[in-house]
1. Does GLY196 satisfy the criteria of being part of a loop (DSSP other than H, G, I, E, B), more than 14 Å from ASN16 (Cα to Cα) and not polar (S, T, N, Q)?
2. Across the range 207-255, what is the total count of residues that are acidic (Asp, Glu), modelled with pLDDT of 95 or more and in contact with a helix residue (DSSP H, G or I) (Cβ under 8 Å, 6 or more places away or on another chain)?
3. Go through the range 134-172 and give me each residue that's away from the ligand (no atom under 15 Å from the Cβ) and among the hydrophobic types (A, V, I, L, M, F, W, C).
4. So SER40 fits all but one of (1) surrounded by fewer than 18 Cβ atoms within 10 Å (Cβ to Cβ); (2) over 20 Å from ARG92 (Cα atoms); (3) polar (S, T, N, Q); what number is the exception?
5. Go through the residues of the range 153-168 one by one and say whether even a single one is modelled with pLDDT of 95 or more, closer than 20 Å to ARG92 by Cβ, buried (at least 19 other Cβ atoms within 10 Å of the Cβ) and hydrophobic (A, V, I, L, M, F, W, C).
6. Just the residues that are outside any strand (DSSP E or B), under 24 Å from ALA11 (Cα atoms), in contact with a Ser or Thr (Cβ under 7 Å, 6 or more places away or on another chain) and not charged (D, E, K, R), please, taken from the range 217-267.
7. If the requirement is being under 18 Å from LEU25 (Cβ atoms), more than 17 Å from the chain's Cα centre (by Cα) and modelled with pLDDT under 95, which of these qualifies: GLU276, GLU260?
Amino acid sequence: ERLRMTFEARAEKATNTMSARLLRLMASKQSTLCVAADLSSTDQVLQLANTVGPYICIFKTHVDALNDFSHKFVKELQELAKTHNFLIMEDRKFGDIGHTVGLQYVAGNFHIADWADLVTVHALPGPGIMDGLVSCLETHQSGLRDRACFIVAEMSSKDTLTTPAYRTEALKLAETRADFVAGVVSQSATGISSIGLIQLTPGVRIPVAQNGAQTNGSSGSDGLGQQYNSPHHVVLERGADVAVVGRGITEAANSAEAAELYRDVLWKAYQQRVGE
Ligand code: 5BU
């Protein structure tokens, strides 16, 4: 039922403000594409954001992989987010006790809470991790306004330790914390019941022609554990709302054309899913 609903209809039912905002953005921009900027210089990241900006709903960063992070960079990225209308997700994958993640979220070198609309959080430490992030936000910027997280329920990598039992508990945590949780990172929709909860799925790449597209939707791996599925497969067979694409776009000869292509095939698959 949830998967057959349009993003507009799901936005109406969403209990998390950022989830509703993202669902509406996806609908109006006709994009379910999140580009992963796994690059090492801020110039490269800004250039990519400007190039793919028109085609994406989320721009995903790993700022701790940058060799020249600065607050000027963050300001420029926020400007691009405004110009092109996308959200910024820092894929921080917080994973410590509540008190520690709170410090990592609002302070440190990066002051993530000041500029990232969305962050990713591991479920591993249990509910305390959410309390830590939320209470720090409350002290730091007097509330949760315009901030939310995605809980990592399941990873895309080969032999991941996010077992079905772990995944179930992570989903429970997500379902009970609609105050701060906009969605989950997962490879399937099984067990996700809240209509507003958004499924973000990484490990997406259009299969390279000479390998031949496989019927199970697999489109290879990267030799370091990453496993890829086709855009069509993740949307129609695995329930992806937002698909994360990194190297499929950043390593393309023309990243604007690649982003447009991914946006289009993902959107067509979504339309097929909801029967539009
Ligand atoms: P790729 O170049 O499309 O393989 O990049 C995938 C991105 O998604 C990269 O930034 C990872 O950190 C991120 N990712 C992932 O690949 N798998 C996961 O399970 C999670 C995040 Br959680």
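1. no
2. Of the residues in that region, 1 qualify.
3. Answer for the range 134-172, where residues must be away from the ligand (no atom under 15 Å from the Cβ) and among the hydrophobic types (A, V, I, L, M, F, W, C): VAL134, CYS136, LEU137, LEU144, ALA148, ALA165.
4. Condition (2) is where SER40 drops out.
5. yes
6. VAL234, GLY239, ALA240, LEU266, TRP267
7. GLU276
Matching residues to (1) surrounded by fewer than 21 Cβ atoms within 10 Å (Cβ to Cβ); (2) within 30 Å of ALA165 (Cα to Cα); (3) within 16 Å of the ligand (Cβ to nearest atom):
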position	(1), (2), (3)
GLN187	no, yes, yes
SER194	no, yes, no
ILE198	no, yes, yes
VAL204	no, yes, yes
GLN271	yes, no, no
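The values are calculated or read from the model by the stated rules, or taken from the named source; none is laboratory data. All of these numbers come straight from a predicted model, not from anything done at the bench. All Cβ positions, even for glycine, are placed from backbone atoms using ideal geometry, and neighbour counts span all protein chains on display.
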